[in-house]
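Following: one structure in structure tokens, then a few remarks.
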Ligand code: HEM
């Protein structure tokens, strides 16, 4: 039964692609189709980053390490959706004219931080294989702790582009804070005080 979990999670993780394909096919993207596609993949990138971060807390809560098996796949989906999000912005909004993109990255802080988050995801995606885990040894963990910074950049990107924290960005922020709190070892902290 457990053998089916991974393929099932893989198929469920394709949900954002099913939805957008359906909406394109049935002409349901609304009055601003390009914005709709960019925002759709932006939001799903953030959801997948948070899902990736949820696996360790779920392991702690359920005392089962099964969750960790899905972490790499979810992280790679986050990278896939971040890349589609970025490419739809460059491709659909700017027709692959990189000059205005560079201009946006330099002038708009929300684009700068989103772009930084995407750049930081690249080394994590490249080093996600078992071979790389063995090759990088202790450094692999250090490198992959970049996901915390990426998640903070992702939420900041959402807050800055929304110009207000209410309500969706706030929900993402609260979930992120809860997930990050799970990483703090309170018993270690209290023994130091
Ligand atoms: C880890 C990386 C990223 C995450 C988590 C992310 C997340 C998001 C989210 C949640 C939204 C808003 C969705 C909504 O309103 O429903 C969004 C919108 C947007 N993002 Fe990103 N993003 C990332 C990377 C990037 C990159 C690399 C770029 C461009 C270089 C970019 C440019 C934009 C733009 C232009 C919008 C739409 C803004 C508007 O509505 O005017 N993002 N992103």
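The numbers here are math on the coordinates, done by the rules we state, and not lab data. Because the structure is predicted, anything quoted here is derived from the model rather than measured. Cβ atoms come from the backbone with ideal geometry, glycine included; neighbour counts cover every protein chain shown.
Below is a table of values for the structure above.
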| item | result |
| --- | --- |
| 2 or more residues surrounded by 11 or more Cβ atoms within 10 Å (Cβ to Cβ) and within 19 Å of the chain's Cα centre (by Cα): qualifying helices (runs of 4 or more DSSP H) within segment 91-162 | 109-126, 138-144, 146-162 |
| Filter pass, residue 87 being away from the ligand (no atom under 11 Å from the Cβ), assigned to a helix (DSSP H, G or I) and surrounded by fewer than 19 Cβ atoms within 10 Å (Cβ to Cβ) | no |
| Single residue of 46, 11, 74 found to be within 13 Å of the ligand (Cβ to nearest atom) and closer than 28 Å to residue 129 by Cβ | 46 |
| Set 18, 4: member being more than 28 Å from residue 123 (Cα to Cα), without any contact (Cβ under 8 Å) to a residue 40 or more places away in the chain and either more than 9 Å from the ligand (Cβ to nearest atom) or touching a helix residue (DSSP H, G or I) at 6+ places or on another chain (Cβ under 9 Å) (or both) | 4 |
| Verdict on residue 74 being loosely packed, with under 12 Cβ neighbours inside 10 Å and assigned to a helix (DSSP H, G or I) | no |
| Residues located in segment 137-179, provided they are in contact with a helix residue (DSSP H, G or I) (Cβ under 7 Å, 6 or more places away or on another chain) and more than 12 Å from the ligand (Cβ to nearest atom) | 140, 143, 144, 148, 165, 175, 179 |
